[in-house]
Amino acid sequence: MNKKEITRYAQFCQFRENIRGSRDYLIVGIDVAKDRHHAFFGMTTGQTLLRRLVFDNSASGFSKLVKRAGQLMRQHGLKRVVYGLEPTGNYHKPLANWLLDRNQLLVLVSNRSIADNRQTLYGRWDKNDTKDSANVADLVCQAKCQFYEHVDSRLEQLRSLLSLRRRLKKDEHRLRMQIRTGLVCKHFPELDRCWGKSRKENLSIVRWCLDPRQIVQMPFNEFVLKVTACDLGLRQHQRLKAIYDVAADSIGIAMGPADRYQALVLAEHLRLKEKQLKQLMERIAIACQDFTHYPLLLTIPGFGPYISAIVLARIGEPERFAGRKQVLRLAGLDLSAKRSGKRSKNVMPVLSKRGNIELRYALYQASQVASCRNDTFRELFTRYLTGREKEPGIRKKMRVKLAAKLLVIAWTMMKNNTAFDASMVLAR
């Protein structure tokens, strides 16, 4: 964490300690929107100084906000001003960066806290922009706010690339399902049973000869040349021969011109998405080279380029976490249980799942690979299972536990700037 961020975090901690009952702070709650934001000005004592200020999402509008805050501070003898924002998509980021560039104290209020506090304040679910800005200010007065992480441009670019990859993967999956459930199961259902992992061959069949009647009319050698780009050996030949044989007795519906055009378009779109994903992963790998922690993460068993990039992007500055519990909460791998009115021994803690779902999924995939292919993690996984082998779903639970272990190891390595060592697995 750079010196400026360390100073900002120290100011945030001091603010949370002193805010309750203090008469020195002007609290500004802002309800962020696309074009016009709503601001509420108040004090920690509950006094309202200005109920509603509407300003544009522009530099002049931001200047209007700061100017009005300065006037109210001088009128009421206040020393500091704190701006509270609710994260709303990406709409809050220009305002947040503008305020941080001018060394203003900025905090975030979570969406869940705002929803819960609305019921407390008004006893209703009714909401509007004026109420929402007052709601944000009330939570800031109670110190129920979070530090606004202002990451450097390199980390921000990496997170943007990973976000783009997530959207492209959704599009790729959608196209694949449209092909398999909308075309293959209708015109050549036997192909779906032989789908396998040969994506290029499957797309070529969908694009050129999805109608089994068309396959039957051509010799086998011509069919092979039409759907393959190169000879991959006996297994490829056997798979294509099986597809060619079942085409003779297929129960699929004959394809018309519209069906052929749809198959061509979907196959081309899917091919394009796969090409874009490949290029994007190359860009992610290049972006990760700027971080000294990236080669260290690659030494962890089960961590490939993508999982290492996810962990690197989500942890960011390892110094901002005070302990392992905060790191586990980042991924939602911390345990929670409702013990009110019940005996503690009869309550089973479960994962909170309040953290980043992408990071949690990536760590689980890494735990599966590590528990199968690495001797050290395989031994640890066996130790977790000892005495509980007969419990339903125990293997999945222990892999989640192993995923939490991997996250703590990765954070420790980033903090200490060290490579992976097998002794870290057995450390408490």
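The values are calculated or read from the model by the stated rules, or taken from the named source; none is laboratory data. Model, not experiment: these values are computed from the prediction. No Cβ is skipped: glycine too gets one built from the backbone with ideal geometry, and neighbour counts run over all protein chains shown.
Selection of the range 348-362 for residues being surrounded by fewer than 15 Cβ atoms within 10 Å (Cβ to Cβ) and part of a helix (DSSP H, G or I) yields Ile357, Tyr361. Scanning the range 143-163 turns up at least one residue that is modelled with pLDDT under 90, outside any helix (DSSP H, G or I), buried (at least 18 other Cβ atoms within 10 Å of the Cβ) and touching a strand residue (DSSP E or B) at 6+ places or on another chain (Cβ under 8 Å). Checking each residue in the range 19-40 for being part of a strand (DSSP E or B), touching a residue at least 60 places away in the same chain (Cβ under 8 Å) and either farther than 16 Å from Arg68 by Cα or of a type outside the set (Gly, Ala, Ser) (or both) picks out Ile27, Val28, Ile30, Asp31, His38, Phe40.
Filtering the range 399-428 to residues that are free of Cβ contacts under 8 Å to residues at least 24 places away in the same chain and closer than 20 Å to Glu358 by Cα leaves only Lys401. Filtering the range 32-60 to residues that are in contact with a Leu (Cβ under 9 Å, 6 or more places away or on another chain) and within 23 Å of Tyr91 (Cα to Cα) leaves Val32, His37, His38, Ala39, Phe40, Phe41, Leu53, Phe55, Asn57. All conditions but one from (1) under 21 Å from the mean Cα position of the chain (by Cα); (2) closer than 19 Å to Phe377 by Cβ apply to Gln276; the one that does not is (2). The lone criterion from (1) more than 27 Å from the chain's Cα centre (by Cα); (2) closer than 14 Å to Val32 by Cα; (3) exposed (fewer than 14 other Cβ atoms within 10 Å of the Cβ); (4) modelled with pLDDT of 85 or more left unmet by Lys79 is number (2).
In the range 107-124 there is at least one residue that is within 21 Å of Lys79 (Cβ to Cβ), under 29 Å from the mean Cα position of the chain (by Cα) and in a strand (DSSP E or B). Of all residues in the range 193-203, those satisfying the criterion of being in contact (Cβ under 8 Å) with a residue 24 or more places away in the chain, in a helix (DSSP H, G or I) and surrounded by 15 or more Cβ atoms within 10 Å (Cβ to Cβ) are Glu201, Leu203.
If you go through the range 319-342 and keep only what is surrounded by 13 or more Cβ atoms within 10 Å (Cβ to Cβ) and either modelled with pLDDT of 90 or more or not assigned by TED's automatic domain parsing to the domain that holds Asn356 (or both), you end up with Arg324, Val327, Leu328, Arg329, Leu330, Ala331, Gly332, Leu333. Considering only the range 55-64, I want to know if a residue exists there that is assigned to a strand (DSSP E or B), at pLDDT 90 or above, more than 31 Å from the chain's Cα centre (by Cα) and over 17 Å from Arg23 (Cα atoms). The answer is yes; a qualifying residue exists.
Assessment of the range 417-427 against the conditions (in a loop (DSSP other than H, G, I, E, B) and over 28 Å from Leu162 (Cβ atoms)) yields at least one matching residue. For the range 363-386, residues that are surrounded by 11 or more Cβ atoms within 10 Å (Cβ to Cβ), more than 29 Å from Arg166 (Cβ to Cβ) and among the β-branched types (Val, Ile, Thr) total 2. Just one of the listed residues (Ile409, Ile394) is over 19 Å from Phe321 (Cβ atoms), assigned by TED's automatic domain parsing to the domain that holds Leu333 and among the β-branched types (Val, Ile, Thr), and it is Ile394. Give all pairs with beta carbons closer than 9 Å in which a residue from the range 100-129 that is in the same structural domain as Ala39 (by TED's automatic domain parsing) meets a residue that is among the aromatic types (Phe, Trp, Tyr) and in a loop (DSSP other than H, G, I, E, B); count only pairs at least 6 apart in sequence or on separate chains. So the pair list comes out as Leu100/Tyr148; Leu106/Tyr148; Val107/Tyr148; Leu108/Tyr148; Ala115/Trp125; Arg118/Trp125; Gln119/Trp125.
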